[in-house]
Amino acid sequence: MTEKRARFGSRFGIIMAAAGSAVGLGNIWRFPVETGNNGGAAFILIYLISVVILGIPLMAAEFFVGRHARSNTATAYRTLSKSPFWGNLGFFGVIGATLIMSYYIVVAGWVLKYMVLSAEGLLTTVGKGQETTTVFEGIFNRFSTDPVNPIIYMVLFIIICHISIVMGVQKGIEKFSKIFMPVLFAILIVLTIFSLFAPGAAEGLSFLFHPDFSKLNSKSILCAVGQSFYSLSLCMGCLCTYASYFGKDVNMVKSAISISIIDSFVAIMAGMIIFPAVFSANIDPQAGPSLVFIALPSAFLQAFGEWPIICYMVGVLFYALLVLATLTSAISLHEVPTAYISESWHIKRSYAATIVTVVCIIFGIFCSLSMGIMGEIKLFDKTIFDLFDYTTTTLMLPLSGILITIFIGWKVKRSLFVDELTNHGTIKSSIVTFILFVLRYIAPFALVITFLNGLGLLDF
Ligand code: PHE
């Protein structure tokens, strides 16, 4: 099995695929919302510190496990430990990725619908004026609570992921990422330029880049840590699975650094696109998750309404950007259970992918319906959609992080780790010592606090 295992074809492909996993709704949707909620630039600063101190070491650790084992994430941990506890750590990823995928595709379906709507002239047909937010609110609420329409878009979206997965690692995942990611960067740059001409540009940029430390509290710090983990796709098996397709000569520490830079860069650029428009329209930057579907179209309309063509382009490009970002992330989530099922059950990749697609569609239908007709069904006071999000992001992600850092920091032989990350001593890397230090002493502690806070057991 080891001999025949698929590989990524090039370094560029590796970076695009892994950055594609990282860059997603987390950057363009969650990051601006959290930045708005937590006071702007000071939050970004903490976020970046968390990426450097915690994110990069954990990414390198996941790369280590994947490339060392050269297998799916569940089997990978078993090759490192015979203990039933540590050896089964990889299952967290398989289950976590499936659950994230199940609600991620619901939002991805909305994004796809909004790309179509804006191509049809969403932003140019709604009249400019005070009532736009109410109009957009109506459009979004009608669509997201509909029992059929969002499910159709969700299924369409997952079919695209499915196709890329079935086409294989090099011809599917890598090829799609090598096309989608550069297009995504190009759109990002065009939108940022437009945004700099919006009437609220100065205010928006100052909100993003002038830190107000008085707005920071322990909650926002923990939120920044959680956000950095989510945004970098950590602890859910995606990076471990992708690393199992890396060649032996890949410099994994350097790759982790490049991917983290790209991911943070995209998040900040997304902020540069969103906040000028938000300030032009006098919208509260704390508008919450509806920001992207309600406040933002309204903000774009008010910022660029004088120039209908630009306004039209901004709408189409922005939702196309979101579609590309969600696609590459969803592909990486899909690959985790697909690789596991196909390798452990010894079945064809296409059959395994079909099982995953069907399971995610079933879960996704419940998540989608919980926006409307099943909205009354609540568990622990949460709708089904919120429950999927909370269980994965707030509980499973930090818990899996705690266990991975303890396992690699304390249980795995140091020489094995150093050997793999330095490509058997061929790359000099003093950072590896720093990475081990973080995995042993800093990350478990930071993650335990984040986890307890998420559970509500540690309220500041
Ligand atoms: N990083 C992705 C985003 O920013 C989400 C994700 C989380 C993907 C965990 C894979 C694993 O949207």
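Let me confirm something: among Ser370, Ser400, which residue is within 26 Å of the chain's Cα centre (by Cα), more than 16 Å from the ligand (Cβ to nearest atom), among the polar types (S, T, N, Q) and crowded, with 17+ Cβ neighbours inside 10 Å?
The conditions single out Ser370.
Just one of Met181, Met236, Met269 is open to solvent by 10 Å² or more (accessible area, probe 1.4 Å), within 16 Å of the ligand (Cβ to nearest atom) and not charged (D, E, K, R); which is it?
Criteria check complete, one pass: Met269.
Mind checking which residues of the stretch 328-351 are over 24 Å from Ile179 (Cβ atoms) and either within 16 Å of the ligand (Cβ to nearest atom) or not polar (S, T, N, Q) (or both)?
Residues satisfying the conditions are Pro337, Tyr340, Ile341, Glu343, Trp345, His346, Ile347, Lys348, Tyr351.
Has the stretch 279-301 got any residue that is assigned to a helix (DSSP H, G or I), within 16 Å of the ligand (Cβ to nearest atom) and open to solvent by less than 10 Å² (accessible area, probe 1.4 Å)?
Yes, the conditions are met somewhere in the stretch 279-301.
Does Thr450 meet the test of being in contact (Cβ under 8 Å) with a residue 24 or more places away in the chain, within 30 Å of Ile139 (Cβ to Cβ) and in contact with a helix residue (DSSP H, G or I) (Cβ under 7 Å, 6 or more places away or on another chain)?
no
Of the residues that sit in the stretch 193-233 and are away from the ligand (no atom under 16 Å from the Cβ), open to solvent by less than 10 Å² (accessible area, probe 1.4 Å) and among the polar types (S, T, N, Q), which one is nearest to Thr75 (Cα to Cα)?
Out of the qualifying residues, it is Ser220.
Cβ-Cβ distance below 7 Å, separation of 6 or more or different chains: which pairs start in the stretch 384-406 with a residue that is free of Cβ contacts under 8 Å to residues at least 24 places away in the same chain and end on one that is in a helix (DSSP H, G or I) and crowded, with 19+ Cβ neighbours inside 10 Å?
Short answer, once both residue conditions are applied: Ile384/Cys367.
Being in contact with a Cys (Cβ under 7 Å, 6 or more places away or on another chain) and of a type in the set (Phe, Trp, Tyr) is the filter here, so list the residues in the stretch 265-314 that pass it.
Scanning the stretch 265-314 gives Phe300, Phe304.
Could you count how many residues in the stretch 71-93 are assigned to a helix (DSSP H, G or I) and either buried (at least 24 other Cβ atoms within 10 Å of the Cβ) or free of Cβ contacts under 8 Å to residues at least 40 places away in the same chain (or both)?
Within the stretch 71-93, residues that are assigned to a helix (DSSP H, G or I) and either buried (at least 24 other Cβ atoms within 10 Å of the Cβ) or free of Cβ contacts under 8 Å to residues at least 40 places away in the same chain (or both) number 12.
Can you tell me how many residues in the stretch 407-440 are touching a residue at least 12 places away in the same chain (Cβ under 8 Å), open to solvent by 90 Å² or more (accessible area, probe 1.4 Å) and under 23 Å from Phe92 (Cα atoms)?
Adding up the residues that qualify gives 2.
For the stretch 319-336, state whether one or more residues are open to solvent by 30 Å² or more (accessible area, probe 1.4 Å) and aliphatic (A, V, I, L, M).
The answer is no; no qualifying residue exists.
Answer yes if at least one residue in the stretch 104-113 is away from the ligand (no atom under 16 Å from the Cβ), open to solvent by 50 Å² or more (accessible area, probe 1.4 Å) and in a helix (DSSP H, G or I), and no otherwise.
There is no residue in the stretch 104-113 that is away from the ligand (no atom under 16 Å from the Cβ), open to solvent by 50 Å² or more (accessible area, probe 1.4 Å) and in a helix (DSSP H, G or I).
Under 6 Å by Cβ, and 6 or more places apart or on different chains, what pairs join a residue from the stretch 15-36 that is at negative phi with one that is within 12 Å of the ligand (Cβ to nearest atom) and not in a helix (DSSP H, G or I)?
Correct list of pairs: Ser21/Ser233; Ala22/Leu232; Ala22/Ser233.
Residues that are part of a strand (DSSP E or B), charged (D, E, K, R) and modelled with pLDDT under 95: does the stretch 372-395 have at least one?
Yes: the stretch 372-395 contains one or more residues that are part of a strand (DSSP E or B), charged (D, E, K, R) and modelled with pLDDT under 95.
Could you check, for the stretch 127-137, whether at least one of its residues is within 28 Å of Val266 (Cβ to Cβ), touching a Phe, Trp or Tyr at 6+ places or on another chain (Cβ under 6 Å) and of a type outside the set (Val, Ile, Thr)?
no
Looking for whichever is over 29 Å from Ile15 (Cβ atoms), among the aliphatic types (A, V, I, L, M) and at pLDDT 95 or above here; the options are Val412, Val323, Val359. Which one fits?
Val359
The values are calculated or read from the model by the stated rules, or taken from the named source; none is laboratory data. This one's a predicted model, so the numbers in the text were calculated from it and none came from an experiment. Ideal geometry is used to build each Cβ from the backbone, glycine not excepted, and the neighbour counts take in all protein chains shown. Ligands, DNA and RNA are stripped out before the accessible areas are found, and what is left, the full protein with its side chains, is counted by its heavy atoms. Shrake-Rupley method; radii C 1.70, N 1.55, O 1.52, S 1.80 Å.
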